[in-house]
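What follows is one structure encoded as structure tokens, with my remarks underneath.
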Amino acid sequence: MPLLTEHPAQTSAAPPGEIAWRVAPFAVYMVFTAIAEVSTLLGLPFSGAWAGALYPVRAVCVAVALVVCLPRCPELMPKDMTGRGILFASMVGVAVFAAWLALDVPWGRVGTPVAFPHRAWGDDARPLLLAIRFLGAAVLVPLAEELFWRSFLMRHIQGGDFRTVPLSRFHPLSFIAVTVLFGLEHHLLVAGMLAGAAYNMVALRTGSLGCCVLAHAVTNALLGLWVLYAGAWELW
């Protein structure tokens with residue numbers, strides 16, 4: 001599919017409610033992330049292990065937000081995912097996973113990641129906590145983030161009603177802005193920006209938000225399997 005470069009016709013902005021459906025799940029996720037980050041920086045009693053032990057609370061809150069919001073986001077339609085798009089998205093997901101590990105280097109990091117406290121519930125409940133963490137990373141996070149980054153923000157920056165902007169439309173400012181901001185969301189800054197650019201390319205090449213979610217999910221699932229295999233808890 002060719003990349004479109006012309007600007008969309010100027011229309012009025014989307015109603016606030018339409019924006020909220022795409023922002024709310026990500027906002028819920030980021031509130032919990034901010035609490036954990038600030039608590040760790042301030043050395044508060046509910047930092048570190050507390051944040052990990054309560055990860056299921058964050059997962060449930062994000063899942064509830066997604067259940068409410070997803071039915072109101074018609075752009076996430078499986079029927080838009082072609083065989084070629086699925087293959088391309090899967091390949092991008094694998095490539096981003098490989099790059100993520102390769103770019104886990106000192107010059108590519110910002111701040112010090114806190115290792116996921118996988119024994120916070122004790123040894124008996126550890127498998128349950130890990131299962132919830134894995135499902136959160138591989139399912140909930142891709143859905144919440146792609147609704148915000150690709151469905152909303154990348155199109156919103158182009159002006160007018162973002163719902164009228166095709167995902168396949170290339171806009172330099174929105175591409176760069178989402179790439180950089182997506183990277184800043186992660187401790188592995190360089191890997192995060194590369195991932196943001198890669199998922200943007202999936203949107204442009206396939207025009208399918210579902211393919212973006214798939215690419216993101218493949219990356220996170222492979223990363224989760226690597227964390228479990230290698231015990232690289234700081235990557236979670």
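Say whether the condition of being surrounded by fewer than 21 Cβ atoms within 10 Å (Cβ to Cβ) and part of a helix (DSSP H, G or I) is met by at least one residue in the stretch 110-117. No, the stretch 110-117 contains no residue that is surrounded by fewer than 21 Cβ atoms within 10 Å (Cβ to Cβ) and part of a helix (DSSP H, G or I).
For the stretch 30-52, the count of residues that are farther than 19 Å from GLY136 by Cβ, at pLDDT 85 or above, open to solvent by 50 Å² or more (accessible area, probe 1.4 Å) and in a helix (DSSP H, G or I) is zero. Those helices (runs of 4 or more DSSP H) of the stretch 141-236 in which at least 1 residues are polar (S, T, N, Q), considering only elements entirely within it, cover 172-184, 189-206, 209-230.
Considering the stretch 118-132, the residues that are part of a loop (DSSP other than H, G, I, E, B) and either farther than 17 Å from LEU223 by Cβ or of a type in the set (Val, Ile, Thr) (or both) include one that is most open to solvent (accessible area, probe 1.4 Å), namely ASP124. Of the residues making up the stretch 193-229, those that are open to solvent by less than 20 Å² (accessible area, probe 1.4 Å) and hydroxyl-bearing (Ser, Thr, Tyr) are TYR199, SER208, THR219.
When each of GLY160, GLY136 is tested for being among the small types (Gly, Ala, Ser) and modelled with pLDDT under 95, the lone residue that passes is GLY160.
Please find, among ARG155, ARG163, the residue that is surrounded by fewer than 21 Cβ atoms within 10 Å (Cβ to Cβ) and not hydroxyl-bearing (Ser, Thr, Tyr).
Details: ARG155 fails: surrounded by fewer than 21 Cβ atoms within 10 Å (Cβ to Cβ).
Just one listed residue meets the conditions, ARG163.
Looking at PHE88, PHE97, just one residue is open to solvent by 60 Å² or more (accessible area, probe 1.4 Å), among the aromatic types (Phe, Trp, Tyr) and modelled with pLDDT of 95 or more, and that residue is PHE88.
Condition check: open to solvent by 30 Å² or more (accessible area, probe 1.4 Å), part of a helix (DSSP H, G or I), touching a residue at least 60 places away in the same chain (Cβ under 8 Å) and closer than 18 Å to GLU234 by Cα. Does LEU135 satisfy that? In short, yes.
Taken over the stretch 166-192, the residue count meeting the criterion of being open to solvent by less than 20 Å² (accessible area, probe 1.4 Å) and hydrophobic (A, V, I, L, M, F, W, C) is 5.
With the structure loaded, tell me whether VAL141 is of a type outside the set (Phe, Trp, Tyr), open to solvent by 60 Å² or more (accessible area, probe 1.4 Å) and under 23 Å from LEU222 (Cα atoms) or whether it fails that test. Outline the logic, then answer.
On the way: of a type outside the set (Phe, Trp, Tyr): yes; open to solvent by 60 Å² or more (accessible area, probe 1.4 Å): no; under 23 Å from LEU222 (Cα atoms): yes.
Taking the combined requirement at face value, the residue does not satisfy it.
Just to be sure before I move on: is GLU234 open to solvent by 10 Å² or more (accessible area, probe 1.4 Å) and either closer than 25 Å to ARG22 by Cβ or modelled with pLDDT under 95 (or both) in the structure I sent?
For GLU234, the condition - open to solvent by 10 Å² or more (accessible area, probe 1.4 Å) and either closer than 25 Å to ARG22 by Cβ or modelled with pLDDT under 95 (or both) - is met.
Figure legend. Inter-residue proximity from the stretch 164-178: first residues on the phi < 0 side of the Ramachandran plot, second residues modelled with pLDDT under 95 and surrounded by 15 or more Cβ atoms within 10 Å (Cβ to Cβ), beta-carbon distance below 7 Å, spacing 6+ or different chains. Indicated pairs: THR164/PRO8; VAL165/PRO8; PRO166/LEU4; SER168/LEU4; ARG169/LEU4; ARG169/PRO8; PHE170/LEU4. Can you find a residue in the stretch 7-27 that is at pLDDT 95 or above, within 17 Å of LEU135 (Cβ to Cβ) and in contact with a helix residue (DSSP H, G or I) (Cβ under 9 Å, 6 or more places away or on another chain)? Looking for residues that are at pLDDT 95 or above, within 17 Å of LEU135 (Cβ to Cβ) and in contact with a helix residue (DSSP H, G or I) (Cβ under 9 Å, 6 or more places away or on another chain), one finds at least one in the stretch 7-27, hence yes. Checked against the criterion of being at pLDDT 80 or above, under 18 Å from the mean Cα position of the chain (by Cα), buried (at least 18 other Cβ atoms within 10 Å of the Cβ) and not in a loop (DSSP other than H, G, I, E, B), the stretch 69-79 contains one or more residues that satisfy it.
The values are calculated or read from the model by the stated rules, or taken from the named source; none is laboratory data. Remember, predicted model here, so these are calculated numbers, not experimental data. Please note: Cβ atoms are built from the backbone with ideal geometry, for glycine as well, and neighbour counts cover all protein chains shown. For accessibility, only protein heavy atoms count, side chains too; no ligands or nucleic acids. Shrake-Rupley method; radii C 1.70, N 1.55, O 1.52, S 1.80 Å.
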